[in-house]
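Student: Please see the structure below; I have some questions.
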Amino acid sequence: MPTGKDHRVPRIIDFSVNLHALMAAAPADLPSPIRQFADAQALAAPDMAAVDALIRARLASDVVLINQIAEHIIAGGGKRLRPMLVLLAAQAADYRGRDHVLLAAVVEFIHTATLLHDDVVDESDLRRGRRTANALWGNAASVLVGDFLYSRSFQMMVDAQDMRVMRILADTTNRIAEGEVLQLLNIHNPNVDEAAYLRVIERKTAVLFSAATRLGGLLGGLPPVQEEALASFGLNLGFAFQIADDMLDYVSDAGTLGKNIGDDLAEGKATLPLIYAIERSDPARAASLRRAIETGGLDSLDNIVAAIRDSGALERARARAQDFADAASAALSTLPQTPACAALRVLAGYALQRSH
Ligand code: IPE
Ligand code: IPE
Ligand code: MG
Ligand code: MG
């Protein structure tokens with residue numbers, strides 16, 4: 001079992017900016033009883049139980065290692081946000097069938113496959129509060145079980161017997177792969193700017209959120225304008241969610257986040273807080289931030305966190321994420337204002353308030 005990165009295991013940065021204060025308050029005065037993440041979860045709960053059962057049933061393989069690894073990562077939990085988006089979007093579209101459960105499980109399988117691959121690429125050793133599959137079983141096994149989950153998701157989506165569903169999911173997984181490769185090309189490049197960063201996170205993260213909400217609308221047979229509105233909601237939410245994730249990578253702690261902080265810096269990945277810090281720091285400090293991206297590693301993590309804090313980069317990144325969350329909520333205005341629609345709006349706020 002690799003132990004080479006123990007210096008990165010739970011570590012709390014003494015960080016004087018309170019992320020939760022930064023992440024601002026809950027959406028104000030919603031005209032519905034759906035006000036908090038727990039309310040949104042409760043609305044999706046009956047369907048989510050069916051999704052969880054389906055996930056368990058479809059993880060099975062007679063290859064023992066597949067069961068072990070897939071079980072390890074699935075049992076680690078996760079927020080189940082993407083399947084929740086499918087379920088709530090289907091509710092918002094007044095869908096009365098059962099395929100939303102199937103597609104929610106498909107989307108979570110795709111997400112889980114990307115996590116297995118991502119942790120290999122990022123050399124991460126903590127996920128969902130557990131050692132990663134790559135740390136426990138090695139890179140080869142993680143990649144191959146990721147492939148198993150991807151291909152299982154394709155076996156499952158065929159059951160929906162809808163060519164549009166298959167096209168959306170095929171296009172989405174292909175775009176995710178492009179995003180991951182694009183990100184790889186940007187590693188150790190201190191010239192990555194906000195636009196380049198947004199191009200990566202659109203593909204690696206936002207398109208799956210968008211597919212999740214679009215699929216719910218499609219199942220409900222919404223008119224194209226409303227289906228697009230749900231897709232736009234998901235896309236904008238995905239941007240906000242990834243920006244928040246990239247902030248948490250600097251300001252959270254492993255115990256709360258369930259992932260090691262500093263992973264992005266360690267691999268020389270320029271994310272929005274760092275990009276903004278470079279833009280707003282004095283030349284000497286900016287040069288040291290650029291060097292940290294070029295070399296990677298965590299030796300200068302404390303200095304980098306200080307630079308991110310001093311430059312106002314966190315506030316600016318948070319404001320950018322808020323813009324996306326606001327755009328997500330605004331996209332919902334063309335939909336009937338049902339409890340499910342209110343729940344989706346709550347999730348837009350949650351993307352920024354979340355602690356893990
Ligand atoms: C992690 O996604 C990958 C990103 C897009 C940041 P989540 O934060 O949704 O991971 P889980 O499923 O809850 O563990
Ligand atoms: C998200 O990026 C990865 C995918 C969308 C697959 P990160 O690398 O930031 O995700 P975490 O932080 O490892 O969950
Ligand atoms: Mg990662
Ligand atoms: Mg991250």
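Student: Within 12 Å, Cβ to Cβ, of ALA331, how many net charges do the neighbouring residues add up to if Lys/Arg are +1 and Asp/Glu are -1?
Tutor: -1
Student: Among ILE243, ILE176, ILE74, which one moves the most in a GNM of the chain with springs linking Cα atoms closer than 10 Å?
Tutor: Among ILE243, ILE176, ILE74, the largest mean-square fluctuation in the Gaussian network model of the chain belongs to ILE74.
Student: Mind putting a number on the dipole of the chain about its Cα centre? Charges go on the C-beta only, +1 for Lys and Arg and -1 for Asp and Glu, and I need it in Debye to the nearest 20. Mind showing how you got there, number by number?
Tutor: Working: 35 positive and 43 negative charges, 92 e Å.
Result for the chain is approximately 440 debye, rounded to the nearest 20.
Student: Under 1.5 on a/c is rounded, so check that first for the range 114-242, then, if it is not, pick prolate when a/b is larger than b/c and oblate when it is not; a ≥ b ≥ c are the square roots of the alpha carbon gyration tensor eigenvalues. Show your work: numbers first, answer last.
Tutor: On the way: a/c = 2.31, a/b = 1.33, b/c = 1.74.
The shape class here is oblate.
Student: Still on this model: In the range 224-356, if the dipole is taken from +1 on Lys/Arg beta carbons and -1 on Asp/Glu beta carbons about the Cα centre, which of PHE324, ALA229, ALA342 is farthest to the positive end?
Tutor: ALA342
Student: Please label the shape of the chain as rounded, prolate or oblate, based on the square roots a ≥ b ≥ c of the eigenvalues of the alpha-carbon gyration tensor (a/c under 1.5 means rounded; beyond that, a/b larger than b/c means prolate, else oblate).
Tutor: oblate
Student: Report, in order of residue number, the helices in the chain meeting two criteria: a C-alpha extent of 30 Å or more along the helix axis, and a mean Kyte-Doolittle hydropathy of at least -1.0; treat each whole DSSP H run as one helix. Walk me through the intermediate numbers first.
Tutor: Details: long enough: 99-121 (33 Å, 1.04); 163-186 (34 Å, 0.15); 224-251 (40 Å, 0.47).
Result, helices passing both filters: 99-121, 163-186, 224-251.
Student: Let me check I've understood the local charge: for MET157, count other residues with C-beta under 13 angstrom from its C-beta, Lys and Arg +1, Asp and Glu -1. What total comes out?
Tutor: On the way: positive: ARG58, ARG152, ARG164, ARG167; negative: ASP99, GLU108, ASP159, ASP162, ASP171.
Once positives and negatives cancel, what remains is -1.
Student: With a sphere of radius 15 Å drawn around the Cβ of ALA38, what net charge do the other residues whose Cβ falls strictly inside it have (Lys, Arg +1; Asp, Glu -1)? Provide the component values of the computation, followed by the final result.
Tutor: On the way: positive: ARG35, LYS79, ARG80, ARG345, ARG354; negative: ASP39.
Surrounding charge for ALA38 is +4.
Student: Apply the a/c threshold of 1.5 to the C-alpha gyration tensor of the range 208-281 and tell me whether it is rounded, prolate or oblate.
Tutor: Verdict is prolate for the range 208-281.
Readers should treat all values here as calculations from the given coordinates under stated rules, not as data from a laboratory. Since we're looking at a predicted model, the values are computed, not measured. Neighbour counts are summed over all protein chains in view; Cβ atoms, including those assigned to glycine, are modelled from backbone coordinates with ideal geometry.
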